[in-house]
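The values are calculated or read from the model by the stated rules, or taken from the named source; none is laboratory data. Computed from a predicted structure; not experimentally measured. Virtual Cβ from ideal backbone geometry, glycine too; neighbours counted across all protein chains shown. The area values use the complete protein model at the heavy-atom level, side chains included, leaving out ligands, DNA and RNA. Shrake-Rupley method; radii C 1.70, N 1.55, O 1.52, S 1.80 Å.
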Number of protein chains: 2
Amino acid sequence: MDDINARHNEKMRKIKAARDELMKTKKEKKGLIIVHTGDGKGKSSSGFGMIMRCIGHGIPCAVVQFIKGNWQTGEKKFLRDRFAEECRFFVSGEGFTWETQDRERDIAAAENGWQIAKEQILDPEIKFVLLDEINIALRYDYLDIDEVVDFLLTQKPAMTHVCLTGRDAKPELLAAADLVTEMTLKKHPFEDGVVAQRGVEF
Amino acid sequence: MDDINARHNEKMRKIKAARDELMKTKKEKKGLIIVHTGDGKGKSSSGFGMIMRCIGHGIPCAVVQFIKGNWQTGEKKFLRDRFAEECRFFVSGEGFTWETQDRERDIAAAENGWQIAKEQILDPEIKFVLLDEINIALRYDYLDIDEVVDFLLTQKPAMTHVCLTGRDAKPELLAAADLVTEMTLKKHPFEDGVVAQRGVEF
């Protein structure tokens, strides 16, 4: 047992040394373009988790919800009821697009959301902006991907982080991003006839 | 343009009809075993996003952090400073295992965390329990995977949700889970020499 522990501790020392060496090279701080995509859960939740971190650190932040606008989500209640000061919360769109069945209205809502998003990103007071489900609006070409990417690369303040979520992120956005995570569904209770539940799904 | 919109709206009507039909079969509600794994970001953040949802919905919840115990994370500050009433927060472990270099101490910390976790899961007042980074403790066999899975399957109250996070989730846990999401790293700023930053990484 002592032998196992000794070998483990030596291995851990080596990993720590290698990691410390790696981290010596990590000096730059910059505002990141962060993308959460894929067909799995956690794209929006991890974006809201980062908002929670920002509030915890006292970093002023903003959220623009592009698609889930008609859902009374826990996040919306939570942020609007408790954190109107720390986090600005905006809703664009009128629910998932297959709920609206009105393309022109969806386009107008997406464009409205993008105008708000640009204002928040350009606001020097705001350091982190979550564009929740904007990838859905981009996927349906409700927004021009080239305009969005150009804005992020050329007009976003250097130290401002922007997190864009939603499945089917466009290749142009992935190419522009600093940090891309794909959430992949491996197993889902819907398959077993379980309904969406508060706290878990919304 | 009207033609494009008409086709789009018809397609959306069909998707909505198919989805409504599918959802008719989703009647069951149950406490889920949720796993966030993979080498990408968002495993912990999306767990904390679900905690935010629970607080927003007034669902009593608890967090046990197994590995990041020595990190002053935004989540910890946030929950401890603002939500001691709504969310119980416990820290086990003394930081990432390669930081401690002491296997026996890590095992003791993991076992302590698991005791707390079982108490919170069994507490009828608590409906959602986040076991953050427990997969790391399981991966190093600091905890017995069979005991953990057996507890979740046989002793977890039927309506209580438990979310377990961390890379390299064990196959036994994946088999027992209702909902599994794998977060995959596609692109990371560390590759470009960017240091971990508040709000984004921790």
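List of remarks:
- Theoretical gain in end-to-end length, A:D81 to A:E119 [0.36 nm per residue, Cα-Cα removed]: 11.4 nm
- Average other protein chain Cβ within 10 Å of Cβ, residues B:53-62: 6
- Whole-angstrom gap from segment A:114-132 to segment A:170-190, using each part's C-alpha centre: 21
- Note on B:78-86: average number of Cβ atoms from other chains within 10 Å of each residue's Cβ is 3.
- For segment B:134-187, the spread of Cα positions along each principal axis, largest first, Å: 39, 25, 15
- Across the identical copies, the 7 Å label point of A:L122, projected outward along Cα→Cβ, sits 5.9 nm from its counterparts, in ascending order.
- Estimated FRET transfer efficiency (A:D146, B:A17; beta-carbon r; R0 51 Å; 0.05): 0.90
- Full extension of the chain between A:A6 and A:A108 yields a length gain of 30.3 nm, computed as 0.36 nm times the residue separation minus the alpha carbon distance.
- Largest-first ordering by accessible area, 1.4 Å probe, given options B:F90, A:F48: B:F90, A:F48
- Listed peptides A:41-47, B:159-165 appear in the order A:41-47, B:159-165 once ranked by packing, highest mean of other Cβ atoms within 10 Å at the front.
- Percent of alpha-carbon pairs separated by more than 20 Å within segment B:27-186: 45
- Shown here for segment B:124-174: GluC sites (Glu not before Pro) in loop regions (DSSP other than H, G, I, E, B) with at most 13 other Cβ atoms within 10 Å, namely B:E125.
- Copies compared at A:K29 - label distances in nm, ascending, label defined 7 Å from Cα in the Cβ direction: 4.4
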